[in-house]
Each structure stands twice: as C-alpha cells, then as structure tokens.
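Working notes, beginning with the structure itself.
The values are calculated or read from the model by the stated rules, or taken from the named source; none is laboratory data. From a predicted model like this one, the values you see are computed outputs, not experimental measurements. Note that each Cβ is placed from the backbone with ideal geometry, even for glycine, and that neighbours are counted across all protein chains shown.
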Amino acid sequence: MPDDLHVPAPPALALRIARIAAFAARALLGTLLIGMVLLNVANAACRYLFSVVLIGADELLVFGMIWMVMIGMILVTIDQRHIALDFLVNRLAPRPRIALTMFHHLVIAIGAAYAAVQSLEFAWRVAMIGQTSMAIGFPMVFAHSALVVGFAGTALVAAVLVVSGGTELVSSHHATKAKLP
Amino acid sequence: MIWTLAVLPIALLLLGTPIFGIFLIGAVATFVLFLSVPPVALHQIMFGGMENYALLAVPFFIFAGELMSGSGIARRLIVWVLALIGRIPGSLGVATVGACTLIGAISGASTATVAVVGKTLYPGLIRDGYGVRFASGLLSSSGSIDIVIPPSIAMILFGMAAEQSVAKLFAAGVLPGLLIAFMMSAYVVIMALRMRIPTRGKFDFAQLRAATWDAGPALLMPVFVLAGIYLGWFSPTEAGGFACLYAILVGRYVYREMSWSDVLEAATQAAIITAQILIIVATAALFSWILTINGVPQAMTGGLTSLNLPPWGFLMSVNVILLIVGCFLDPTSAIIVLTPLFMPLVRALGIDPIHFGIIMTVNIAIGMFTPPFGLNIFVAQSVLGVPLDTIYRGVLPFAVVQIAALLIITYWPGLSLYLTAAL
C-alpha cells in the first residue's frame, strides 16, 4: 500500500443529510413524548372529571412508546451511548480500543440484521391477514413495523460504524508508520 | 447451548459489548444453532416485552426527572433540605442523603439524581473537609436510594416481570427507603464527628420558612404524585404523566426557569434514555424466554429445592447472588432476566412476592454503586471528575451500611409490607 494513502472523507452532502435526519429524528422523539404525556393526562382527566373514556388511548400510547424506543435505538447507536460495561474499552490504547469498538458494532450489526429480517417477515404476515388492534382497529402492521425500522436502521448504522472504524484503524496505522524514522 | 446462553454472553459482557447486543446475539445464536422454534418468534417475544401499558411509566418518570433538574425544582429541594437540617454534625453530608431521598420521590432514575445532587453539593462537601474519597463515595451511594424510594423504575420492571401490583410495590418501598436514608445519615454524622467537620451555620426558622415558601410547589410534587396513586385518582403510569405536566407548569410558569425549547430538549433526552433502557427490556425478555423454554427456571428451582433451604436461607442465597450479579449487570437486565428464574421458588416457599420485590430492588440499588461496574460510579466520575479508584474506595463503607440495611429489610418483612396492608 502506498505511504501517502489518503482516506477519503465522506461526501459533504451525505454528511449534511445524515445530520439533518438525526436532528429531525431527535425533535420527533421529543415531540412524540410530549404528545404521549398530554394524551395520558387527558385520558385520566376525562375519565375522572367527565366520566368519558378516550377509547384506544392506551393502545396509541403503547404503540407510540414502541416507535420511540426503536427510533431511539438508532440514535443511541449513532451516538454510541448504549449501556455497556466500558471498563475494558476505557483502559485500552487508542488502536486496540478502535478494534474492540469495531467488534462491538459488528456484534450489533449481525444481531440487529437478523432481528430485522425476522421482524419484516412477521410484519408481512400481519399485513397479509390485515390484523387490527382491539380498541380502535388500528392496523397492527404499523405497530410491528417499528421493530423492522429500528433493527434495520441499527444494523445499518452499526455496519457504517464498523467500516468507519476500519478506516480509522488503517489511517492511524499509516500515520504511525509515517512518524517512524 | 451453554455456549450461546452463558459463555458467549459472559465473554461479550467482559469485553464491554452493549448489553442489548449481548442478549440479542446470544438469542440469535441460540435460535440459529439449537432451537426448532420458528425464528419469527424472536420478533413476537420482543414486541410482547415492550407492549405493556405499565412500562409507559418508565419514559414518564424519566421525563419528570429531566424536567426537575432543568426547571429549578431539584435545586430548590436541595436548598430546602439544607435549611431543614440546619446545625447537626455533618449537616451537608446528611443533606446530600436527604436531597437524594427527596429527589428520588419524584424521579425514577438513580444516575440523574447523582448528577443533579453531585453538581450542586460536591464543591461544598470538599470545602467542608469531607475529602474527595468520602464525598464521591457518599454521592455515588446516596443516589441509589432513588431506586428504593417510589416512584422506581426498578419496581415497575419487577412488577411487570413478576405480575405484581406496581402501586403495592411503591408503597412497600417507602419504609425500607427511609431506613436506608436514616442509616446512611447516621454513618455520615459519626464520620463527620470523627473527621471533625465544622458544623455549618445554625438552624434558622426564618430561613427554613423562606426556603419552604420558595420550594413549596416543588415539595408538593411528590405529595401530589404519591397521594394521587394511593387515593385512587390515577394509576402509577398516569401518575408519571401528571408528574411531567406538573413539572412543566411549575418550571415554566411558577419558577419561570424553563422555555418551551428546554421542555423539548428534556423530552428528547428522556426519550433517548428510555430507548437505552427499554431496548434492554425487549432483548432481555427474549433471552429470559429462551432460558424459560429450556427449563432453566425449573432446573434452578429443582437445584435450590434439593438443598432444602428454609425461606431465610433462600433469601440469604438470593442476596448473595444478586449482590454479585449487581456488580456486573445493569438493573434492567438483572430484573428482567432473574425475576422469572426466582419467582417459582419464591411462591413455593411462601415468601410474599411484594417483599421479595423490595429485597430485589434494594440489592439492585446496592449494585448501582458497587465496584467494578456500578453505573452511579461512572456518573460520579464524569460529573465530579474524580478518578475511578478513589470512588471505588469511597463507596465501600457505604456499601457495608446498605448491606446492613438490606439484612434488616430481608428478615423483617413487616417493614416492607406494613404500608401495603392499607391498600
């Protein structure tokens, strides 16, 4: 490999689109949670004050939570903020640390990709039989699709992180070689 | 199968792989290599693990905690506790324990409590001469009281996993939580006298009155939440929603310290933390299901039954197992995976499930600050900027105090069950 190997930076437009998408997803999650709080309070208040039940509110709240968790999982993967015992990682030198982190992302990518395929198959079956929720007749394929989106997105992000980790590893290797007399 | 359900997960855990990834890859490997069940079951179990109305309390109470720290509510509660405690030896140390307990009555997240109280009180603790080791140990361990004092995310998860009433668990946690706070405070007073910490100011009724007036709306928040649950106005899940709305209204219109963009930011942060926790719930539910269909709970029950342990012996074994597990596993995973394993034996031995839930919760709380992997330790390290080794040594005496409290809670069921009798 040539010594003057230069790792190409990701295209500026792609980076910009990714940042805008992540920003929009964060704002969406916050808004969704505020909406869930308001629906939850309205449901309880209507029940006690006016003896009126908001039919299907519980279902919508649960489906909203599942979507929130699955979209949140993609964002947490992007930020690399999953709960982990990072005792070992924090004690490693930079290059082994990059390698170990790549391994973690690889584990996530494989597991999430497999889960995404299984979720897609299940969501497809639900769509075929046209299953709906009990209270408001909400199409269940929409609720189940949250797992398809969440796991597929997480697998994709983890795969990108494996590749970028590999690139970083190669560039740090060349930087070290260049410093040698 | 032991490779995919035990060796692989433990190896990945020690290598620092994200917890949800460990459960997921362990389950996937078991499905691919050993199970004859259709793999779409993987989706059904994870979806079912999250499709639970009671779980909605998790994002709501996390959001309430985020709002509390951003709206000035937490700061006013800390000032009020300081004014209340006044001139006793180690008043600032005792105020740290008191503030964590009071904030725990609103928030459901121990790590957030360590961050909020740590940022506010740590400089004062150092100024008063407690020393870095003692102060960081005190803050890391006091934050864990939050898990035992209702509302508690650990109790919500236990209630879901063991099919027990969350309201009863909340009621059962009050006295054990206060016992831990009392024992921690007593230890702080003794150590303050030994370290010759100067007593801060004196008790001033006018100051307390002013602090109470200022903190009034904040102090009413836990009263409103807990009274609402026990007077039957709303369920624990709905209480979480009301707590959020209350915090928004107080922070926005009473204290005027919160803009709408701050509210959105707090909601976003809460949603991200919720995702971190509930994805573990979903994958741990899957892992736990695989353990169950492979007869692990039955084997464990059979093994423990063959030992002919009396209930007290079983509870002692559970405490030892959970204290060890708590050092390595986060609370969510520990509860979701271990509760279904223990519950058959709990029922067989005639132990009250609510009492057992409190024992599990206290164990998990201790695990939050015990080395090497207690989450509170890492939060304290990040917020206080103290080396890990120093915090490790600092938390040890507090771990001994809390284990003593755990033994009292374990062998005195009445302490946990007294308030549940009224429900």
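Suppose we filter B:Val114, B:Val79 for residues that are assigned to a helix (DSSP H, G or I), more than 14 Å from chain A (Cβ to nearest Cβ) and surrounded by 24 or more Cβ atoms within 10 Å (Cβ to Cβ); which single one remains? Sole residue among the options that is assigned to a helix (DSSP H, G or I), more than 14 Å from chain A (Cβ to nearest Cβ) and surrounded by 24 or more Cβ atoms within 10 Å (Cβ to Cβ): B:Val114. For B:Ile73, the stated conditions hold: it is surrounded by 19 or more Cβ atoms within 10 Å (Cβ to Cβ), under 30 Å from B:Asp214 (Cβ atoms) and more than 7 Å from chain A (Cβ to nearest Cβ). Out of all the residues in region A:88-95, is one or more facing chain B (nearest Cβ under 10 Å) and assigned to a loop (DSSP other than H, G, I, E, B)? Checked against the condition, which is being facing chain B (nearest Cβ under 10 Å) and assigned to a loop (DSSP other than H, G, I, E, B), region A:88-95 yields at least one hit.
Looking for something at the interface with chain A (Cβ under 9 Å from one of its Cβ atoms) and assigned to a loop (DSSP other than H, G, I, E, B) - is there at least one such residue anywhere in region B:46-61? Yes: region B:46-61 contains one or more residues that are at the interface with chain A (Cβ under 9 Å from one of its Cβ atoms) and assigned to a loop (DSSP other than H, G, I, E, B).
I'm trying to understand the selection: among the residues of region B:242-279, which are free of Cβ contacts under 8 Å to residues at least 60 places away in the same chain, hydrophobic (A, V, I, L, M, F, W, C) and either assigned to a loop (DSSP other than H, G, I, E, B) or within 7 Å of another protein chain (Cβ to nearest Cβ) (or both)? Within region B:242-279, B:Phe242, B:Leu245, B:Leu264, B:Ile272, B:Ala275 meet the criteria. Can you confirm whether region A:120-130 contains a residue that is more than 8 Å from chain B (Cβ to nearest Cβ), surrounded by 20 or more Cβ atoms within 10 Å (Cβ to Cβ), within 21 Å of B:Pro38 (Cα to Cα) and under 17 Å from the mean Cα position of the chain (by Cα)? Among the residues of region A:120-130, not one is more than 8 Å from chain B (Cβ to nearest Cβ), surrounded by 20 or more Cβ atoms within 10 Å (Cβ to Cβ), within 21 Å of B:Pro38 (Cα to Cα) and under 17 Å from the mean Cα position of the chain (by Cα), which makes the answer no.
The residue that is nearest to B:Ile229 (Cα to Cα), counting only those in region A:11-38 that are in contact (Cβ under 8 Å) with a residue 24 or more places away in the chain and within 11 Å of another protein chain (Cβ to nearest Cβ), is A:Met36. If you go through region B:407-423 and pick out every residue that is under 14 Å from B:Gly313 (Cα atoms) and in contact with a helix residue (DSSP H, G or I) (Cβ under 7 Å, 6 or more places away or on another chain), you end up with 2.
Looking only at region B:348-394, residues that are surrounded by fewer than 24 Cβ atoms within 10 Å (Cβ to Cβ), within 20 Å of B:Leu322 (Cα to Cα) and among the hydroxyl-bearing types (Ser, Thr, Tyr) come to 1 in all. Any residue that is aliphatic (A, V, I, L, M), crowded, with 23+ Cβ neighbours inside 10 Å, at pLDDT 90 or above and within 30 Å of B:Thr292 (Cα to Cα) - is there at least one of those in region B:172-187? Within region B:172-187 (the criterion being aliphatic (A, V, I, L, M), crowded, with 23+ Cβ neighbours inside 10 Å, at pLDDT 90 or above and within 30 Å of B:Thr292 (Cα to Cα)), the answer is yes, since at least one residue qualifies.
Considering (1) assigned to a helix (DSSP H, G or I); (2) among the aliphatic types (A, V, I, L, M); (3) over 20 Å from the mean Cα position of the chain (by Cα), the lone condition that A:Val163 does not fulfil carries the number (3).
Residues in region B:412-423 that are in a helix (DSSP H, G or I) and within 15 Å of B:Pro311 (Cβ to Cβ) were compared, and the one that is farthest from the chain's Cα centre (by Cα) is B:Gly414. Evaluating B:Ile147 against the criteria (1) part of a helix (DSSP H, G or I); (2) in contact with a Leu (Cβ under 9 Å, 6 or more places away or on another chain) leaves one unmet condition, (2). When region A:44-80 is limited to residues that are surrounded by fewer than 18 Cβ atoms within 10 Å (Cβ to Cβ) and of a type in the set (S, T, N, Q), the one that is farthest from the other protein chains (Cβ to nearest Cβ) turns out to be A:Ser51. Identify all residues within region B:289-299 that are in contact with a helix residue (DSSP H, G or I) (Cβ under 8 Å, 6 or more places away or on another chain) and under 17 Å from B:Val32 (Cα atoms); write none if there are none. Within region B:289-299, B:Trp289, B:Ile290, B:Leu291, B:Asn294 qualify. If the condition is being assigned to a helix (DSSP H, G or I) and either surrounded by fewer than 16 Cβ atoms within 10 Å (Cβ to Cβ) or in contact with a Pro (Cβ under 8 Å, 6 or more places away or on another chain) (or both), then region A:131-160 contributes only A:Phe142.
Taking region B:212-222 as the range and being at pLDDT 85 or above and not small (Gly, Ala, Ser) as the test, the residues that pass are B:Thr212, B:Trp213, B:Asp214, B:Pro217, B:Leu219, B:Leu220.
Might you let me know whether region B:325-344 holds any residue that is small (Gly, Ala, Ser), in a helix (DSSP H, G or I) and in contact (Cβ under 8 Å) with a residue 60 or more places away in the chain? The answer is yes, given that some residue of region B:325-344 is small (Gly, Ala, Ser), in a helix (DSSP H, G or I) and in contact (Cβ under 8 Å) with a residue 60 or more places away in the chain. One residue stands out among those in region B:5-32 that are part of a helix (DSSP H, G or I) and either more than 12 Å from chain A (Cβ to nearest Cβ) or on the phi > 0 side of the Ramachandran plot (or both): the one that is surrounded by the fewest Cβ atoms within 10 Å (Cβ to Cβ), which is B:Val7.
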